[in-house]
Amino acid sequence: MLVVVIPVIVATLAFAWWYRSSNPRANRGTDESYEERIEFVVWSIPALTVILLGGVIWIGSHELDPRAPIPGQSEPLRVDVVALDWKWLFIYPDQGVAAVNQLVIPAGTPVEFRLTSATVMNSFFVPQLGSQIYTMGGMTTHLSLLADKPGEYPGFSANFSGDGFPWMRFVVRAMPAGDFNAWLEQARGTGSALDDAGYAELAKPSKAVPPTTYHSVERKLFEHILDQTVSGSGKASISGAWCPPLRQARG
C-alpha cells in the first residue's frame, strides 16, 4: 500500500506548496478545461497499481497451490492419507506398506499426498512443514510437502472430529534416504497385512492408537475407500468386509 500512499502524500504536499497564493510563478487557470496529460497520469497510476498487484497475486497463488510440485533432489514419494476415527492411516502405494500414526519420509525428497477421509471431515496439518489441508469423505485433496533436513515433526488434525479428537496426532520422521530404505525393509518384515479383515478392524473407532506398521497393503486400498464413501453406502470395507458406518461429529 505504501507504493500508493507515499506518492499521494508527496504529491499533495508538493501541489499545496507550489500553488500557494504567495507563489507568483505558479500558473493557475480559472477556466475549466479537459487536460489530457493530467487525466493520463491520474488514471495510469491506479491502472498500473492494479496490474502490479494482480500479477503478484496471480503468480503467488499458483506458487502457493498446495498441490504444486516441489523441486527436490530425487523423484517424489507418493503417500496416500486416510483420516479414520481417531487415527491417521498412511499408505505407501509404490512400496506396498502402510503405517498408522507415523509418517516416515526421506529428507530432501518431495512428498506428494493424496488425502481423503473414511469418516467425518478432518484437517491434516504439520505446522513445521506447512500447508494445512482438509480431508473429506468421498473427495480427494492433494498436497506437496518437503522436509529439507532430518528430524521429527509433530502433526495433528486441526478440525474437531468427535470424542477422540485429542488423539488425532502423528509424528513425521524425516530421515536420510538410506535410513528410509532400512525402515521400509523393517516394515516389510514385521506387522500384519492390511487386508479386508485388517482394515475392518482398523476402521473401528479407537483412541490413543500407538504407531503401527503393515508389511503389505491391499492393492488400490485408497481408491476402494474413496469409492465406498462416494457411493454413500456408509460402510468402509475393501471388498465386502463390514466396517463401522460413517458418523457425524458430535460436539
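The values are calculated or read from the model by the stated rules, or taken from the named source; none is laboratory data. The model shown is predicted, which means the values in this text are computed figures rather than measured ones. In this analysis, Cβ positions are derived from the backbone assuming ideal geometry, glycine residues included, and neighbour counts consider all displayed protein chains.
Which ones in the range 151-175 are at pLDDT below 95 and surrounded by fewer than 14 Cβ atoms within 10 Å (Cβ to Cβ)?
Listed by number, the residues that qualify are Asp163, Pro166.
Residue check: is Ser117 crowded, with 20+ Cβ neighbours inside 10 Å, out of contact with any helix residue (DSSP H, G or I) (no Cβ under 6 Å at 6 or more places or on another chain) and more than 14 Å from Asp80 (Cα to Cα)?
No; evaluated as a whole, the condition is false for this residue.
Which of the residues that make up the range 12-52 are free of Cβ contacts under 8 Å to residues at least 12 places away in the same chain, closer than 18 Å to Met1 by Cβ and of a type in the set (A, V, I, L, M)?
Once the filter is applied, which keeps residues that are free of Cβ contacts under 8 Å to residues at least 12 places away in the same chain, closer than 18 Å to Met1 by Cβ and of a type in the set (A, V, I, L, M), the range 12-52 yields Ala47, Leu48, Val50, Ile51.
For Ala83, are the conditions met, namely being in contact with a Ser or Thr (Cβ under 6 Å, 6 or more places away or on another chain) and of a type in the set (A, V, I, L, M)?
Yes; evaluated as a whole, the condition is true for this residue.
Which count do you get for residues in the range 80-102 that are over 16 Å from Gly138 (Cα atoms), in a strand (DSSP E or B) and in contact with a Pro (Cβ under 8 Å, 6 or more places away or on another chain)?
Going through the range 80-102 one residue at a time, the tally reaches 3.
Would you pick out the residues in the range 195-242 that are aliphatic (A, V, I, L, M), part of a loop (DSSP other than H, G, I, E, B) and modelled with pLDDT of 85 or more?
Listed by number, the residues that qualify are Ala203, Ala208, Val209.
So that you can scan it fast, the table gives a plain yes or no per residue for (1) of a type in the set (Val, Ile, Thr); (2) farther than 26 Å from Val171 by Cβ; (3) touching a Leu at 6+ places or on another chain (Cβ under 7 Å); (4) in a helix (DSSP H, G or I):
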| site | (1), (2), (3), (4) |
| --- | --- |
| Thr12 | yes, yes, no, yes |
| Asn23 | no, yes, no, no |
| Val41 | yes, yes, no, yes |
| Leu48 | no, yes, no, yes |
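Working carefully through the options Ser144, Ser161, Ser131, Ser123, find the one that is outside any strand (DSSP E or B), among the small types (Gly, Ala, Ser) and under 19 Å from Arg67 (Cα atoms).
Ser131
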